[in-house]
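Since the structure comes first, as structure tokens, the remarks are kept for the end.
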Amino acid sequence: MPTPDYDPKEVAALQADQLASAVSAGRAAFAAAPDLEALAHEHTRHLGPRSPVALGRRELGALPPQARADAGRRVNDALTALQSAYDERRVELERDRDAHVLRDETVDVTLPWDRRPPGARHPLTLVQERVADIFVAMGWEVAEGPEAEAEWLNFDALNIPPHHPTREEQDTLWIDPPTAGLCMRTHTSPVQLRALLERGAPCYVVVPGRVYRNDPLDATHSPVFHQLEGIAVDEGLTMGDLRGTLDLLATAMFGPDVRTRLRPDHFPFTEPSAEVDLLCWVCHGTSTDPGAPACRTCGSEGWIEWGGCGMVHPVVLMSAGLDPDHFSGFAFGMGLERTLMPLHDMADIRDLVEGDVRVSLTLGVEG
Ligand code: DAH
């Protein structure tokens, strides 16, 4: 209700000098606010519902009409001045904040970073794929078999009867109970039988895989290692085909300068049989020279056994139900560690089996 005898001078909040000082206090506070949070706080103090100017505005209603217009203009001017001071500072502070964000969150795409992958495939996996590719390119198939193998396939069907010295030589790891007739396969040769039984003849198959022997770990032996088995059975295959296939594998893996040799040997499942040797990739055969330093990679033999091979024994063909008068074949079994080691000039097989991830990181990344 307007009070007719009201003297505007008594309403301190509406006096010009009071309003002017409220405006200058507000302006100073807005200008001094260091960030948007502080500015919001000052907004409450100088423009909020309990700020001096807002309180003054509330008094307007109590003024007599003749005084209200004047005082109203003064309050509005003060509010407008404060509001524009506030807006100005807010724009400034927002611009500052955006500039900070742009600067602080910038990603320097030119900075160097660690390009090493956190892991890599094991070099042995890669070499298995490489040899498989070489044979697939010639039309062969890739097969696999179980690592826990039937004794009959690991030995008997391969013409290795009980008490044959080969069973002792291969230091078999047997699976309990002994009556189960199961062992950890000592070579990939049982897959020869599996392939022939499954496919019949003609048959051209390679089998990369893991094999087990009760052998101590040293520079060139490991109780778990990998072989590449190959078997080809067809009409009219000869030792010449075997030689040609092995030469192709050797040059595809090691390049045209590789030196290999075939040496007569004996395996119960091939006849005739041979060993395939590689010239030692560490001493290049020089350790056999009189007075030369010893080579622990080849045991100063100059050559390193790469694998065994031969013409498939008639007994094996018959185990697979094939007529040896009609079909002939050749087979081979190469050590995959011994295929990989010369590729990287490795002297010690233990580097491949000890699980040091640096081996995979440096050798296992495909170039
Ligand atoms: N299985 C033999 C071994 O582990 C290697 C071998 C020799 C495989 C002659 C063959 C072969 O296929 O014909 O010592």
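The values are calculated or read from the model by the stated rules, or taken from the named source; none is laboratory data. Since this is a predicted model, take the numbers as computed values, not measurements. All Cβ positions, even for glycine, are placed from backbone atoms using ideal geometry, and neighbour counts span all protein chains on display.
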Residue satisfying all of: in the range 227-257; surrounded by fewer than 16 Cβ atoms within 10 Å (Cβ to Cβ) and hydroxyl-bearing (Ser, Thr, Tyr); modelled with the lowest pLDDT among these: 251
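Residue-wise test of (1) among the hydrophobic types (A, V, I, L, M, F, W, C); (2) modelled with pLDDT of 85 or more.
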| site | (1), (2) |
| --- | --- |
| 1 | yes, no |
| 7 | no, no |
| 18 | no, yes |
| 29 | yes, yes |
| 39 | yes, yes |
| 72 | no, yes |
| 77 | no, yes |
Candidates 317, 279 - the one that is within 30 Å of residue 199 (Cα to Cα) and in contact (Cβ under 8 Å) with a residue 12 or more places away in the chain: 317
Single unsatisfied condition, residue 264 versus (1) within 13 Å of the ligand (Cβ to nearest atom); (2) at positive phi; (3) not hydrophobic (A, V, I, L, M, F, W, C): (2)
Residue 348 touching a residue at least 40 places away in the same chain (Cβ under 8 Å), of a type outside the set (Gly, Ala, Ser) and in a loop (DSSP other than H, G, I, E, B): yes
Pair list, Cβ < 6 Å and 6+ apart or interchain, from the range 244-257 residues that are within 15 Å of residue 133 (Cα to Cα) to residues that are at pLDDT 90 or above and surrounded by fewer than 19 Cβ atoms within 10 Å (Cβ to Cβ): 252/134
Residue match in the range 307-314 (condition: more than 16 Å from the ligand (Cβ to nearest atom) and part of a loop (DSSP other than H, G, I, E, B)): no
Condition met for residue 296 (basic (Lys, Arg), in contact with a strand residue (DSSP E or B) (Cβ under 7 Å, 6 or more places away or on another chain) and more than 10 Å from the ligand (Cβ to nearest atom)): no
Residues of the range 21-65 satisfying the condition of being touching a Pro at 6+ places or on another chain (Cβ under 9 Å), among the hydrophobic types (A, V, I, L, M, F, W, C) and within 25 Å of residue 97 (Cα to Cα): 25
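Quick grid of which residues meet (1) more than 10 Å from the ligand (Cβ to nearest atom); (2) charged (D, E, K, R):
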| position | (1), (2) |
| --- | --- |
| 271 | no, yes |
| 286 | yes, no |
| 289 | yes, yes |
| 325 | yes, yes |
| 332 | no, no |
| 339 | yes, no |
Every residue from the range 237-268 that is within 18 Å of residue 196 (Cα to Cα) and in contact with a strand residue (DSSP E or B) (Cβ under 7 Å, 6 or more places away or on another chain): 237, 242
Residues of the range 210-240 satisfying the condition of being more than 13 Å from the ligand (Cβ to nearest atom) and either part of a helix (DSSP H, G or I) or polar (S, T, N, Q) (or both): 214, 220, 222, 238, 240
Test for residue 140: is it more than 21 Å from residue 206 (Cβ to Cβ) and among the aromatic types (Phe, Trp, Tyr): no
Filter result for residue 266 (over 39 Å from the mean Cα position of the chain (by Cα), assigned by TED's automatic domain parsing to the domain that holds residue 155 and modelled with pLDDT of 95 or more): no
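Table: residues versus (1) under 15 Å from residue 338 (Cβ atoms); (2) without any contact (Cβ under 8 Å) to a residue 40 or more places away in the chain.
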site	(1), (2)
175	no, yes
182	no, yes
196	no, no
216	no, yes
228	yes, no
235	no, no
239	no, no
Residue that is nearest to residue 355 (Cα to Cα) [pool: residues in the range 97-128 that are part of a helix (DSSP H, G or I) and free of Cβ contacts under 8 Å to residues at least 60 places away in the same chain]: 104
